[in-house]
1. For a Förster distance of 30 Å, can you work out the FRET efficiency between the beta-carbons of residue 110 and residue 14, rounded to the nearest 0.05?
2. Ranking request for peptides 74-84, 99-109: highest mean number of other beta-carbon atoms within 10 Å first, then the rest in descending order.
3. Within 10 Å of each residue's Cβ, count the other Cβ atoms and sort 119, 89 from fewest upward.
4. Between helix 56-74 and the chain, what is the angle of the helix's C-alpha long axis to the longest principal axis, kept within 0 to 90° and rounded to the nearest 10?
5. Excluding residues fewer than 8 places away in the same chain, name every one of the aspartates and glutamates whose C-alpha is closer than 18 Å to that of residue 108.
6. How high is the relative contact order of the chain? Use alpha-carbon pairs under 8 Å, at least six apart in sequence, and give a whole percent.
7. Name the residue farthest towards the positive end of the dipole of the chain from the options 69, 123, 87, assuming +1 on Cβ of Lys and Arg, -1 on Cβ of Asp and Glu, about the Cα centre.
Amino acid sequence: MSITAYKRTISDTETPRQIERRVLSSVTAELESRQLDFDQAQKPGEKLAMLANGLRDSLWYNERIWMTMRNDLAESGNALSPDLRAGLISLALWVETHTQGVMKGEKKIKPLLDVNRSIIRGLEGNPMHVME
């Protein structure tokens, strides 16, 4: 099956919300698998090695997802309320800044995971648990 046919099949069977949840869940799982070692590393060299061994790619993927969401939220045709859009855009900007700190070895991954999990819960339709 070609990539185009695969993408068409996905868009025909999943809602945009389901696609967002699936993509965010995937990158969150990637980050979770590396979070504990990175966040507990004491030496900068250990963190740099983890970043070089694929963690940087996962962080960049997460940041690109948030950049895409931010761009979508900024579109005039976005159906979310202005307050929710503004809050999510602000959160996307925070993710970008925090991610840069993680890539420098200055910040931890866990806060990014907490934000992603909260958004995933919201996309699943569990708004009472968002941003606990």
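Only the coordinates and a few stated rules stand behind these numbers; no lab work does. Bear in mind that the values here come from a model prediction, so they are computed numbers and not experimental data. Reconstructed Cβ throughout: ideal geometry from the backbone, glycine too, with neighbour counts over all protein chains shown.
1. Numbers: r = 29 Å, r/R0 = 0.96.
With R0 = 30 Å, the Cβ-Cβ based efficiency is 0.55.
2. Those peptides, ordered most packed to least, come out 99-109, 74-84.
3. Values: 119 23, 89 17.
Exposure proxy ranking, most exposed first: 89, 119.
4. Result, in degrees: 30.
5. Within reach: 30, 32, 37, 39, 46, 57, 63, 96.
6. Details: 90 pairs, mean separation 40.4, N = 132.
It rounds to 31 percent for the chain.
7. The listed residue farthest towards the positive side: 69.
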